[in-house]
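The values are calculated or read from the model by the stated rules, or taken from the named source; none is laboratory data. Quantities reported herein were computed from a predicted structural model and do not represent experimental measurements. Cβ: placed from backbone, ideal geometry, glycine included. Neighbour counts: every protein chain shown.
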Amino acid sequence: MNALNPIGVFDSGVGGLSVLHEIRRALPGEDLLYVADSAHAPYGDKSQQFIEARSIAITEFLLSRNAKAIVVACNTATGAAITTLRSRFSMPIIAMEPAVKPAAMNTQSGVVGVLATSRTLASDNFVKLFARYGDDVRILGQACPGLVEQVEVGDLSGDKTRVLLEQYVLPLLERGADTLVLGCTHYPFLAPLIREITGSGVTVIDSAAAVARQLHRRLEVAELLADGARIGTECFWTSGALDKAQPLVAQLWQADVEVRSLPSDIDVGRNKPV
C-alpha cells in the first residue's frame, strides 16, 4: 500500500457521485475508482444479507485494483454492512452518516426532517443518532420510496420527481421542520428542486463534505495522501446497462467519462432472493 494507490468508492447506484464530487474537491491529487451497483439499486428494499454480499464483493473488486482506502458512499450499505466490512478488511473504510448532528445544531425551530430510505431509518446507526440528538430536537424521519429510481434514470426535475418530493417534504415543513437532512447520497442531486419546494427559509444539509474531510484525515494519519500537486484521475464501473450508465454518469459528473462494465464474476447476489 502506498500513497499513489487509488481510493475506491461505491454506492448502490450513481448517488455516490455526490460524495465523489466532494472527495475530488478535497483531494485533487488522488486517483479515484467508482463502482455504481445500479443493477441492484435501490439497496433500500434489499435484505441485509444481500447488501453485505454486494458490499464485500465490490470491496474485493476495488482491492484487486489496489485501492488504499474504501468509501462506502451509501447510507443503506453503511447501515447494513459497515461492521462486516471493517471486520474483514484492514484498510481505512469510511462510512456515511446522516448529518443529524449539524442539523440539530443548526435548527431554529427545534424540528429536523431526515429524508432517507426505509432501511437507513431503521438501521442501528440511525437509531443511535436519534437517541443521541432526539432529546434536544424533534427528529422526523421520512422514508422516500421512488426517489433513488428517479435519480437512476437522470430525472432530477421532472413532474414525477417533483410530485414525489412534495409528498415527502411538505408534511415535514407543516410539522415545523426548518432543516432537512439528505440521508441518501442520491438526494443531493435533487437539492435544487428540494430548495424550490421549501423556499429560502429551510436549510438543506448532506454529509458528503464531512465524509471527504474524514477520508483526508484518515489518509493523512496513515501517510497515504497523494501529492496534491498532481492531477488525479477517475475510473467508473457499473453493474447496470452501459448504454444507460454512460450518459447518466456523464450528466451527474458533469464531464465526458468512460464507464466500464463491472466484471460478472463479482456479481454476487444476482438472481438470489432478497
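Take segment 100-124 and flag every residue that is surrounded by 21 or more Cβ atoms within 10 Å (Cβ to Cβ) and at pLDDT below 95.
Across segment 100-124, the qualifying residues are Thr117, Arg119, Thr120, Leu121, Ser123.
Report the residue count in segment 213-248 for those that are surrounded by 21 or more Cβ atoms within 10 Å (Cβ to Cβ), in contact with a strand residue (DSSP E or B) (Cβ under 6 Å, 6 or more places away or on another chain) and assigned to a helix (DSSP H, G or I).
Of the residues in segment 213-248, 2 are surrounded by 21 or more Cβ atoms within 10 Å (Cβ to Cβ), in contact with a strand residue (DSSP E or B) (Cβ under 6 Å, 6 or more places away or on another chain) and assigned to a helix (DSSP H, G or I).
Of the residues Ala57, Ala80, Ala67, Ala53, only one is assigned by TED's automatic domain parsing to the domain that holds Leu224, part of a loop (DSSP other than H, G, I, E, B) and of a type outside the set (Ser, Thr, Tyr); which? First the steps, then the outcome.
On the way: Ala57 fails: part of a loop (DSSP other than H, G, I, E, B); Ala80 fails: part of a loop (DSSP other than H, G, I, E, B); Ala53 fails: part of a loop (DSSP other than H, G, I, E, B).
Within the list Ala57, Ala80, Ala67, Ala53, the selection yields Ala67.
Quick check, is Arg195 within 20 Å of the chain's Cα centre (by Cα), of a type in the set (Lys, Arg) and either assigned by TED's automatic domain parsing to the domain that holds Leu32 or farther than 19 Å from Thr76 by Cβ (or both)?
For Arg195, the condition - within 20 Å of the chain's Cα centre (by Cα), of a type in the set (Lys, Arg) and either assigned by TED's automatic domain parsing to the domain that holds Leu32 or farther than 19 Å from Thr76 by Cβ (or both) - is met.
Could you give me the residue pairs with C-beta distances under 6 Å whose first residue belongs to segment 197-220 and is closer than 16 Å to Ala103 by Cβ and touching a residue at least 24 places away in the same chain (Cβ under 8 Å), whose second residue is in a helix (DSSP H, G or I) and among the acidic types (Asp, Glu) wherever it lies, and which are 6+ apart or on separate chains?
Pairs found: Ala208/Glu22; Ala209/Glu22.
For Ala131, only one of the following conditions fails: (1) among the aliphatic types (A, V, I, L, M); (2) modelled with pLDDT of 95 or more; (3) more than 21 Å from Leu164 (Cα to Cα); (4) surrounded by fewer than 24 Cβ atoms within 10 Å (Cβ to Cβ). What is its number?
With respect to (1) among the aliphatic types (A, V, I, L, M); (2) modelled with pLDDT of 95 or more; (3) more than 21 Å from Leu164 (Cα to Cα); (4) surrounded by fewer than 24 Cβ atoms within 10 Å (Cβ to Cβ), Ala131 is out only on (2).
Look through Glu234, Glu196 and report the one residue that is of a type outside the set (Gly, Ala, Ser) and within 17 Å of Glu30 (Cα to Cα).
One residue alone meets the criteria, Glu234.
Yes/no matrix, rows are residues, columns are (1) under 20 Å from Glu22 (Cβ atoms); (2) over 19 Å from the mean Cα position of the chain (by Cα):
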| position | (1), (2) |
| --- | --- |
| Ser38 | no, no |
| Ser64 | no, yes |
| Thr76 | yes, no |
| Thr83 | no, no |
| Ala95 | yes, no |
| Gly113 | no, no |
| Val137 | no, yes |
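Hey, among the residues in segment 1-36 that are part of a helix (DSSP H, G or I) and of a type in the set (Gly, Ala, Ser), which one's farthest from the chain's Cα centre (by Cα)?
Ala26
In segment 190-212, which residues are out of contact with any Phe, Trp or Tyr (no Cβ under 8 Å at 6 or more places or on another chain) and in a loop (DSSP other than H, G, I, E, B)?
Correct list: Gly199, Ser200, Gly201, Val202, Ser207.
Just checking, how many residues over segment 123-159 are in contact (Cβ under 8 Å) with a residue 12 or more places away in the chain and closer than 30 Å to Leu248 by Cβ?
Adding up the residues that qualify gives 19.
Does any residue of segment 247-270 turn out to be polar (S, T, N, Q) and farther than 24 Å from Leu27 by Cβ?
yes
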